[in-house]
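One structure is given here, and the rest of the page talks about it.
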Amino acid sequence: MSFFDKKFPDKIDRLPELAYNLWWSWTPEARNLFKRLDTPMWRQTQHNPVQMLQELTEEQLEVASKNAAFVRHYEKVMLLFDQKVKSNNAWFPNTYPDLQNQVIAYFSFEFGLHSSLPIYSGGLGILSGDHAKEASDLGLPFVGVGFMYPQGYFRQRIPSHGWQEAVYQQININQTPIAPVYLEENKELHVSVYLGDRNVYARVWHVHVGRISLYLLDTDVDENDPWDRELSARLYSGDSEMRIRQEIMLGIGGVRALRALGFKPSVWHMNEGHSAFLLLELIRDKVREGLSYEDAKAYVTKHSVFTTHTPVPAGHDAFAFDVVSRYFNGFWDDLGLTHDEFMALGEHQETWGQAFNMTILALKLAGRSNAVSQLHGKVSREMWQKVWPEKAVDDVPIVGITNGVHLPTWMSSEISDLYAKYLGPNWVEHQDDPAIWQRLGDMPDQELWNMHLLLKRKLMNFLRARARRRWVAGVNDATQVMTGGTLLDPDALTIGFARRFATYKRADLIFRDLNRLETMLLDVHRPVQLVFAGKAHPADDPGKGLIQRIYNFAKSNELGGRVAFVEDYDMHMARYLTQGVDIWLNTPRRPREASGTSGMKAAVNGVPNLSILDGWWVEGYNGANGWAIGKNVDYDDHEYQDNEDANSIYKLLEEEIVPLYYTRDGDNIPRGWVEVMRESIRSNAPEFGMARMIKQYTNELYIPAMNGDI
Ligand SMILES: *Cc1c(COP(=O)(O)O)cnc(C)c1O
């Protein structure tokens, strides 16, 4: 490969190929190979092999190639790479040998694959990234389509006044595992869409995700006006006008990119409504082939799948009719529809008036729709019954398929070694079989506990090293060094909370009765400490207010240095936090949390959840694998609900959690606690891994769509 202007020694000349396939990121042997190449640089680059290979000199690579142990390790990794990435021996081809030439096209506004490719903001992106990785592991005939945002999502800075600042940095393409798609030498593939009064162009970037490919559109190309070049500059910034332009580019430009690349998908999966304009482009294609609108629509319906992700009404994009009319002027003629018939496809009453709603469009035209947990399924069927007024709520065709997490991405390599020891070396392939997880019973308490202590120490070291680096670089002042986790006590019961700071997530719920919390934080024998992280959307001032409130607690010496707020939450930090704290807290105002996935990451690493019975936890909680805050009910009175839930948290901490954690035997092992940890893994790992989820999507959505069943 020609991405590096240096020569790689023959013995290790496939390192660039490895660095440019994100497969390395979820394969412990491959991660360890890069770490071994230069450990300080590995840490300093936040685990970015492309950047490392840019920065290492030819002499350094020469030295590595003369190190026999390193070369053996390299050869082992490349053998595994060829087995896992180049071969077709996987679940889907083995189960459905006749369906291998089908193609599933998966569209998402964001993909959270690795922190070195920061084109995600939160849960939706992480789910897309995990979906793509598992599609690779299971060998699905799968291709992803999204955006390359040259400035990514914002980096968070929290100055000592606590009000979040958003910093945008240009992504350094040379340090990012992406490459442009070329039609021929020196000629990049560019696709175009008509946006109101002119064509707008996009370059197409290619990302290798194990066996599968992801294509990312980027409008920063010479053919475009400066204003259009900015179209894909940043994720989730800009007004509604910008958003509709992005969504037209993703939906329509994405279909064109796949066609230009030669793909003929038989399944079109819209992850969220952002990409739903693709349905209109597909219908138009069919009408151009000579079908009537009705026949074209029926065809597209059979082959399309839609996933809705939030029960919060404002989370569903809707555009004013005049804006849609402007951008789609004449499109209705292409479909053989009138203007009004066209608008009716997305028509919906918003709080601010009649508008064109992307979720309505997707629900009306996609043959199959799903929500992301069972409770979210129920809420969605109620919420969208209006699309099927003739059906009873229970018959509304939105099924619940509960989210999962990609286990190899989110488990520490130490814990996966431990699983290999007790569950068998191929446990990843059998991850959705509850029987193998029963073997955790053979694992001695001591081993599980020591593993946890190691991960907790790694978290504390990570936070300290990070604070030191930022202090030395002049990025952070002394207050920020202090609030960023450097005062945390490795022996204290540590509660983690990290997510997007939207108000319904109630990040400050645990501070509701400050005296009661303070008593626990300041207990000298059995101290409790809290570590927070998360970004608020740049336009969400109430969310930023929550961050400031918590930041001020972190600064306050009255809370004894027992509260930390770590700035700039991302996937890299999420791994350390979900693996290294003692307990994972989640306090959404039920039933707003569609699923949630960070709690699953914690659970499979043996970190029990303390969570509201919302989203996935309604299904995950079994009475012995963590704790449920409040009851399995919904409230109308928020004030009352907040009080009830806060009381429940205090009571659980005071009466159950703190005593259990600090009750140690002669070997200083908290036996009861370790039992909860073990049960957390045993019960949750087979249920909330991505393999279970992808098999369900395949069997319930993809296969019927491939077959054109309806
Ligand atoms: C897992 C993850 C999320 C999603 O977590 P939720 O529990 O759904 O809030 C968001 N951001 C990052 C960086 C993550 O790793």
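Each reported figure results from applying straightforward, stated rules to the coordinates on display, with no laboratory input. Quick caveat, the model's predicted, so the values are computed rather than measured. Don't worry about glycine lacking a Cβ; one is built from the backbone with ideal geometry, like all the others, and counts go over all protein chains shown.
For the stretch 411-688, the C-alpha radius of gyration sits at 0.98 times the compact-globule guess of 2.2 N^0.38 Å, with N the residue count. Cross-link partners of LYS555 among lysines, defined as those whose alpha carbon lies under 21 angstrom from its own and excluding same-chain residues fewer than eight positions apart: LYS535, LYS544.
Ranking request for peptides 206-214, 282-290, 389-397: highest mean number of other beta-carbon atoms within 10 Å first, then the rest in descending order.
In decreasing order of mean packing, 206-214, 282-290, 389-397 become 206-214, 282-290, 389-397.
Over all projection directions, the Cα-based convex hull of the stretch 325-399 averages an area of 6.0 nm². On a per residue basis, the convex hull of the C-alpha atoms belonging to the stretch 380-429 measures out at 112 Å³. The DSSP beta bridges internal to the stretch 411-688 are antiparallel in roughly 0% of cases. What the Cα atoms of the stretch 567-710 give is an Rg and a Dmax of 17.7, 64 Å. Distance from the Cα centroid of the stretch 636-710 to that of the stretch 285-305 is 43 Å (rounded to whole angstrom).
Listed highest first by mean packing, meaning other Cβ atoms within 10 Å per residue, what order do 128-140, 80-92, 27-39 come in? Could the numbers behind the result be given before it?
Details: 128-140: 26.2, 80-92: 14.5, 27-39: 18.0.
With the highest mean Cβ count within 10 Å placed first, the list reads 128-140, 27-39, 80-92.
Looking at the chain, send over the antiparallel percent of its DSSP beta bridges, to the nearest 5. Rounded to the nearest five, the antiparallel share is 35 percent. Among TYR74, TYR640, the ranking by other beta carbons within 10 Å of each residue's beta carbon, starting with the fewest, stands as TYR640, TYR74.
Computed over the stretch 236-336, the P(r) curve from all C-alpha pair distances, binned at 10 Å from the origin, holds 14, 44, 35, 7, 0 percent per bin.
Would you order HIS537, HIS430, HIS525, HIS190 from fewest to most other beta-carbon atoms within 10 Å of each residue's own beta-carbon?
Values: HIS537 19, HIS430 14, HIS525 6, HIS190 22.
Ascending number of Cβ neighbours within 10 Å: HIS525, HIS430, HIS537, HIS190.
When the dipole is taken about the Cα centre of the chain, and only Lys, Arg (+1) and Asp, Glu (-1) are charged at their Cβ, what size is it in debye, to the nearest 20?
Values: 74 positive and 92 negative charges, 326 e Å.
For this selection, approximately 1560 debye.
For the stretch 10-86, the mean projected area of the C-alpha convex hull, equal to one quarter of the hull surface, is 4.6 nm².
Can you pull a Stokes-Einstein diffusion coefficient for the stretch 610-670 at 20 °C (1.002 mPa s), Rh from Kirkwood over Cα pairs, as a whole number of µm²/s? Could you put the intermediate results ahead of the total?
On the way: Rh = 13.0 Å.
The estimated diffusion coefficient comes to 165 µm²/s.
In summary, the convex hull built on the alpha carbon positions of the chain has an orientation-averaged projected area of 31.0 nm². Along its first, second and third principal axes, ordered by size, the stretch 346-500 spans 59, 49, 24 Å in Cα coordinates.
Give me TRP205, TRP384 ranked fewest to most by other Cβ atoms within 10 Å of their Cβ, as a rough exposure proxy. Spell out each step's value before the answer.
Working: TRP205 24, TRP384 21.
Fewest to most other Cβ atoms nearby, the residues stand as TRP384, TRP205.
Cross-link partners of LYS86 among lysines, defined as those whose alpha carbon lies under 28 angstrom from its own and excluding same-chain residues fewer than eight positions apart: LYS6, LYS7, LYS11, LYS35, LYS66, LYS76, LYS133, LYS187, LYS264, LYS421, LYS695.
For the stretch 411-688, the dipole from Cβ point charges (+1 on Lys and Arg, -1 on Asp and Glu) about the Cα centre works out to 1000 debye, to the nearest 20. Here is the P(r) of the stretch 580-646: all C-alpha pair distances, binned every 10 Å from 0, give 22, 54, 22, 2 in whole percents. In the stretch 464-517, the alpha-carbon atoms span a convex hull of 121 Å³ per residue. Rg/Rh for the stretch 107-199 stands at 1.05; both radii use Cα atoms, and Rh follows the Kirkwood definition. Of all lysines in the structure, those lying under 27 Å Cα to Cα from LYS386, and not within fewer than 8 positions of it along the same chain, are LYS297, LYS302, LYS364, LYS378.
The distance linking the stretch 432-459 with the stretch 164-230 is 43 Å (Cα centroid to Cα centroid, whole angstrom).
Once the convex hull of all Cα atoms in the stretch 158-250 is built, its volume per residue stands at 152 Å³.
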